[in-house]
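Colleague: Quick one: this structure, given as structure tokens, is what I'll be asking you about.
What follows draws every value from the coordinates through simple rules; no lab data is involved. Keep in mind that what you see is a predicted model, and the values were worked out from it rather than measured. Cβ: placed from backbone, ideal geometry, glycine included. Neighbour counts: every protein chain shown.
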Amino acid sequence: MTRPGLSPYRDLVAAHARSLFRVAYRIVGTAHDAEDIAQEALFRSYRQLSSYETDQHFAASVHRIASNLAIDHVRKRKRWKTQELDADVAPELPATTVDPARSLASDEIGARVERALDLLTAKERAAFTLRHYEGCSMREIADLTESTVNTTKNRVFRAVQKMRGALAPLLENAR
Amino acid sequence: MNDTRDDDAFARVLDRLEVPEPGPEFETRMQARLADRIREYESRRGWRRWFGPAPLTAIASVAAVLLVGFLVGWRLGRESGAPEVRDRIIFVAVGDHLERSERLLFEIVNPPEDAVGSVPASRERVGALVTENRILRASLGDDAGRTSLSELLEDLETVLVEIANGPDEPSPADWARVKRRIEKRGLLLRLHVLDDPAPVLPKPTGLDRT
């Protein structure tokens, strides 16, 4: 049972599925997980469908759910990776030097950016990717991640510092 | 100047992280996966709903039919001594109740292929049938005697209550048990035969007076 100001659920899925996938992907970094998160967010929003008044209300809520699911996913993955690192004798660490020939390859740079993003905390990563890739305002990010604007600003700032440090070798080449 | 150049370089590097295209069928795939989960969710919610009150509309409609039956019977009985009109009205309600009960039990015994193990009915639906069944049994009362109709209503109520008091998320074993009980009591066949209860009704008491 939906409200007059709310489109049919099927239309809402069609309208937001791709955007949710993109947001989730920016935070978790894998297509398979991003698709699962988009689906889970849409499913959870279905269970609350009667509480939404308008399409905008639905959109804000389902994106918030997806962001939080993605943040939780990154947290779990980090815990899992930490355990794995503890168990492994010789873990493979991110390369710190740049092969100039390969650095031009987009996928290689993308992979390095992805590894740099892994250095961020889950909430830093979410704040950073929503700011940089999705063009969200600090207020929007604060709403999506259920934080204050000041906390969000600090997270974005710390994330930028970490990313700059991690990508410094690539930045030299990009100038 | 250097800061701006740094920012540009930083942005260019970050933009190399592309989001893969999920494919043209993405929305369709998402709709299909969600449809499966929603179906399962609604089924489970149906079980949970059975514990609550049945919809007032369903109960009210049966009560209204019975009330009309009694009022008409009372009025006609005073005028012409023909309480069978009242009984006829009650039996219409009984026939409708038996038909709906038969549909529910049929769905449990013969679920559609894509819904094996899922719940075929909502809590409201089963709750309404239990309540109707009780009202009808009380209305027929001693008039019905030990007819096949009253026995059927008793057996039907036992099974309906068992379904209504089932677990929140019934397992295939739970369904198998309900199904066995329906089959053991031959409920589907008896419901089918008695969809029109008129032939097995006890003789209306009013006829004795004529």
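Colleague: Apply the Karplus parameterisation 6.51 cos²θ - 1.76 cosθ + 1.60, with θ equal to phi minus 60°, to every residue of the stretch B:17-22 and state each ³J(HN,Hα) to the nearest whole Hz, in sequence, with x for glycine and proline.
Modeller: Listing the rounded values in order: 7, 9, 8, x, 6, x Hz.
Colleague: First select every other residue whose beta carbon is under 10 angstrom from the beta carbon of residue A:142; then total the charges, Lys and Arg +1, Asp and Glu -1. Don't skip to the end; give the middle numbers.
Modeller: On the way: positive: A:139, A:153, A:155; negative: A:140, A:143, A:146.
Surrounding charge for residue A:142 is 0.
Colleague: Could you tell me whether the stretch A:10-59 comes out rounded, prolate or oblate from its Cα gyration tensor? Rule is a ≥ b ≥ c as square roots of the eigenvalues, rounded for a/c under 1.5, then prolate if a/b exceeds b/c, otherwise oblate.
Modeller: In terms of gyration-tensor shape, prolate.
Colleague: If you don't mind, another one. To the nearest whole number, what is the average tally of beta carbon atoms from other chains within 10 Å of the beta carbons of peptide A:5-12? The partial results should precede the final answer.
Modeller: On the way: counts 0, 0, 0, 0, 3, 4, 0, 0.
That average works out to 1.
Colleague: Return the distance in nm (one decimal) between the two label points of a simple spin-label model at residue A:149 and residue B:99, each offset 7 Å from Cα along Cα→Cβ.
Modeller: Placing both labels 7 Å beyond Cα along the Cβ direction yields 6.4 nm.
Colleague: Through the Karplus equation 6.51 cos²θ - 1.76 cosθ + 1.60, θ set to phi - 60°, convert the phi angles of the stretch A:21-31 into ³J(HN,Hα) values in whole Hz; use x for Gly and Pro.
Modeller: With the stated coefficients, the stretch A:21-31 comes to 4, 5, 4, 5, 4, 4, 8, 9, x, 10, 5 Hz.
Colleague: Is there a simple number for the mean count of other chain Cβ atoms within 10 Å of the Cβ of residues in A:26-33, and what is it? All intermediate terms of the calculation are to be shown ahead of the outcome.
Modeller: Working: counts 2, 0, 0, 2, 1, 5, 0, 0.
Across the residues of A:26-33, the mean count of other-chain Cβ atoms within 10 Å is 1.
Colleague: Right, next: For residue A:78, which lysines qualify as cross-link partners when the Cα separation must be under 26 Å and same-chain residues fewer than eight apart are set aside?
Modeller: Cα-Cα hits under 26 Å: A:123, A:153, A:162.
Colleague: What's the average, rounded to a whole number, of partner chain beta-carbon atoms within 10 Å of each residue's beta-carbon in B:26-34?
Modeller: Working: counts 6, 8, 2, 3, 11, 6, 0, 6, 10.
Taking the mean over all residues of the peptide, I get 6.
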